[in-house]
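This report concerns only the one structure given below.
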Amino acid sequence: MEEKYMRRALELAAKGRGRTSPNPMVGCVIVKDGRIIGEGYHKKYGGPHAERNALAACSEDPSGADMYVTLEPCCHFGKTPPCADAVIESGIKRVFIGSFDPNPKVGGGGAERLRQNGVEVVVGMLEKECLELNKIFMRYITSGEPYVMLKYAMTADGKIATASGRSKWITGEKAREDTHRDRNAYSAILVGVNTVIADDPELTCRAEDGTNPTRVVCDSALMTPLGSKLVSTAKEIPTVIATCSKSEKRAEPYIKAGCRVICAAGRDGRVNLKLLMKKLGELKIDSVIIEGGGEIAWSALSAGIVDYVKCYIAPKIFGGAGAKTPVGGVGVAEPSEAFRISEPKISRIGDDFLVEGEIKCSRG
């Protein structure tokens, strides 16, 4: 019976997807005498947290009630006052917590404060689901670096374009809609400069009520066309160009157009992706989708920055010995060296299939 309230809290928490970054998604349900008397969730970064929203929405005095919250109530001052204090002041008698908050500023402190003030605390209800909901936040808050997903679509014979270079469209509409839902959920989307030159993409989110991610271009020599859609809309949608160039003169027109230019030079003359992830984390970008071509995909895998992979497979065959594949580069030498998707999930989206899962990759 009690789990149904935590499941409802999870449903509420998910409503904040794409709007709470770099904070977590959190849902809260308040129950008294077997009835839900208040609900709330964290709606947007900087706004009231789930617990305060739920308390404000109560239809009657919450004194003596139970609270179900997906993440440990905070006990520190940030954009808002501590939620643990609001819970104590409300007279809530028992709090069920889905998972502890790994934020060093909380780290069990919220639950302890509640206990010290006479509130009974139960931790771990639907913990796996609560942790999965906030896997992006968990990675970011403990490492300071964004959670990275590599995403690509390919045919049944492993091609991302025909031999002539055409790629629209490999997958169907349903799969493309799923892509835009991810763009809403992640803070940034990253491509290589070759993708910008070849396709001139907008890299926006077209999901209903969606939020556009920050666009990031890996451009070692600053070759991104100034007339590209990314540069021409940089004042409306945050756009970052990561480069090896230290020339202020070359960077100046991009900066004037509204782009942020970051130097993340690697020893091989290419952008150092590990360094770039650290710099993006400093900009409070907690998650990145990589949607570029085969070379950027291989660079990301070999750099060890990929946390998750989503591979859409269309029931089509292109053929062509020279047709591009989703992961280029030099590749591994032995099958035993393969990057492995851990506990892969397989689902059908329209006429296409999706294989996804955590990647066995080390950031070193």
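The rows are residues; the columns are (1) out of contact with any His (no Cβ under 7 Å at 6 or more places or on another chain); (2) among the small types (Gly, Ala, Ser); (3) under 26 Å from Ala161 (Cβ atoms).
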| position | (1), (2), (3) |
| --- | --- |
| Lys279 | yes, no, no |
| Leu283 | yes, no, no |
| Ile296 | yes, no, yes |
| Ile305 | yes, no, yes |
| Ala321 | yes, yes, yes |
| Pro344 | yes, no, yes |
| Asp352 | yes, no, yes |
| Glu358 | yes, no, no |
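Within the option set Ser187, Ser143, Ser164, being without any contact (Cβ under 8 Å) to a residue 60 or more places away in the chain and hydroxyl-bearing (Ser, Thr, Tyr) holds for one residue only, Ser164. Looking at Arg166, is it more than 25 Å from Glu11 (Cβ to Cβ) and part of a helix (DSSP H, G or I)? No: the conditions fail for Arg166. Of Val106, Val148, all but one fail to be assigned to a loop (DSSP other than H, G, I, E, B), open to solvent by less than 30 Å² (accessible area, probe 1.4 Å), within 23 Å of Arg17 (Cα to Cα) and touching a residue at least 24 places away in the same chain (Cβ under 8 Å); the exception is Val106. The lone criterion from (1) at pLDDT 95 or above; (2) in contact with a strand residue (DSSP E or B) (Cβ under 9 Å, 6 or more places away or on another chain) left unmet by Lys256 is number (2).
Taking the stretch 170-249 and the helices (runs of 4 or more DSSP H) fully enclosed by it, the elements with 2 or more residues that are open to solvent by less than 20 Å² (accessible area, probe 1.4 Å) and over 22 Å from Ile262 (Cα atoms) are at 173-185.
Inside the stretch 89-108, residues that are touching a helix residue (DSSP H, G or I) at 6+ places or on another chain (Cβ under 8 Å) and under 11 Å from Glu72 (Cα atoms) make up a count of 9.
In the stretch 112-129, of all residues being outside any loop (DSSP other than H, G, I, E, B) and out of contact with any helix residue (DSSP H, G or I) (no Cβ under 7 Å at 6 or more places or on another chain), the one that is most open to solvent (accessible area, probe 1.4 Å) corresponds to Lys128.
Go through the stretch 51-79 and give me each residue that's open to solvent by less than 20 Å² (accessible area, probe 1.4 Å) and touching a Pro at 6+ places or on another chain (Cβ under 9 Å). Once the filter is applied, which keeps residues that are open to solvent by less than 20 Å² (accessible area, probe 1.4 Å) and touching a Pro at 6+ places or on another chain (Cβ under 9 Å), the stretch 51-79 yields Glu51, Ala54, Met67, Thr70, Leu71, Pro73, Cys74.
Per-residue answers, yes or no, for (1) more than 27 Å from Ile170 (Cβ to Cβ); (2) polar (S, T, N, Q); (3) more than 27 Å from the chain's Cα centre (by Cα):
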site: Ser228; (1), (2), (3): no, yes, no
site: Ile262; (1), (2), (3): yes, no, no
site: Asn272; (1), (2), (3): yes, yes, no
site: Ser299; (1), (2), (3): no, yes, no
site: Ile305; (1), (2), (3): no, no, no
site: Tyr308; (1), (2), (3): no, no, no
site: Thr325; (1), (2), (3): no, yes, no
site: Glu334; (1), (2), (3): yes, no, yes
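The values are calculated or read from the model by the stated rules, or taken from the named source; none is laboratory data. Computed from a predicted structure; not experimentally measured. Cβ coordinates were reconstructed from backbone atoms using ideal geometry, including for glycine residues, and neighbour counts include every protein chain displayed. For the accessible areas, the whole protein counts, side chains as well, though only heavy atoms, and no ligand, DNA or RNA atoms are used. Shrake-Rupley method; radii C 1.70, N 1.55, O 1.52, S 1.80 Å.
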